[in-house]
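Undergrad: After the structure tokens below, expect a handful of questions from me.
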Amino acid sequence: MMESYYYDEEISDDDKNAFKETIVTPEYRNEKAYYRKVAYNTNGVSENVIGNNAFIEAKIKQYTIPKNIEYVGDTAFAYCEELEILEFEGKTMFGTFPIIECNNLRQIVVPNGLQSYYAACLPFYKTLITEKQHNEGT
């Protein structure tokens, strides 16, 4: 019976821990896995992540997700019955069902050029996605 891999004894514990720490940094290949971990441990909104269930059942009509937000966690906007407009100022990654059961949602506003990206990320709401309109002279 083999209980450990052959390299377990060749790599020091310090090296193993250093390797594990590099896996969860955004610079590493699996950026989405990093943000998923942060969203799980975030209560509400952090510097660049909206955590899992952050706005669950919130009584909000409109919400703008700032450009610095890079990840919206699982069911972040679940059961927001009054939510009508959700606006994104930048490109964002998503957890599982970031928007669900928002029955009054009528518009998701995204930056110009990102409509197809958001339609692919939020397929159940693709008919509600529109690009932000810029007013001339402002």
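Undergrad: Using a basic spin-label model with each label point 7 Å from the Cα along Cα→Cβ, how many nm lie between N30 and N68?
TA: 2.8
Undergrad: Rounded to whole Å and sorted largest first, what semi-axes of the equivalent ellipsoid does the C-alpha gyration tensor of the range 62-138 yield via the square root of 5 times each eigenvalue?
TA: They are 20, 14, 12 Å, listed largest first.
Undergrad: Take the alpha carbon gyration tensor of the range 56-95, find the square roots of its eigenvalues, order them as a ≥ b ≥ c, and report rounded if a/c is under 1.5; if not, report prolate when a/b exceeds b/c, else oblate.
TA: oblate
Undergrad: Please work out how much length the chain gains when fully extended from I56 to Q133, using 0.36 nm per residue of separation minus the C-alpha to C-alpha distance, in nm with one decimal.
TA: 24.9 nm
Undergrad: Roughly what would the spin-label model give for N112 and K126, points 7 Å off Cα along C-beta, in nm?
TA: Between N112 and K126, the label points sit 2.4 nm apart.
Undergrad: What is the range 75-132's relative contact order, in percent, from Cα pairs under 8 angstrom and six or more apart in sequence?
TA: Result for the range 75-132 is 35 percent.
Undergrad: Can you grab the distance from the C-alpha centre of the range 65-135 to the C-alpha centre of the range 44-64, Å, no decimals?
TA: 12
Quick note: the coordinates plus some simple rules give every number you see, no bench work behind them. These numbers come from a predicted model, not from an experiment. We place every Cβ from the backbone using ideal geometry, glycine too, and count neighbours over all the protein chains shown.
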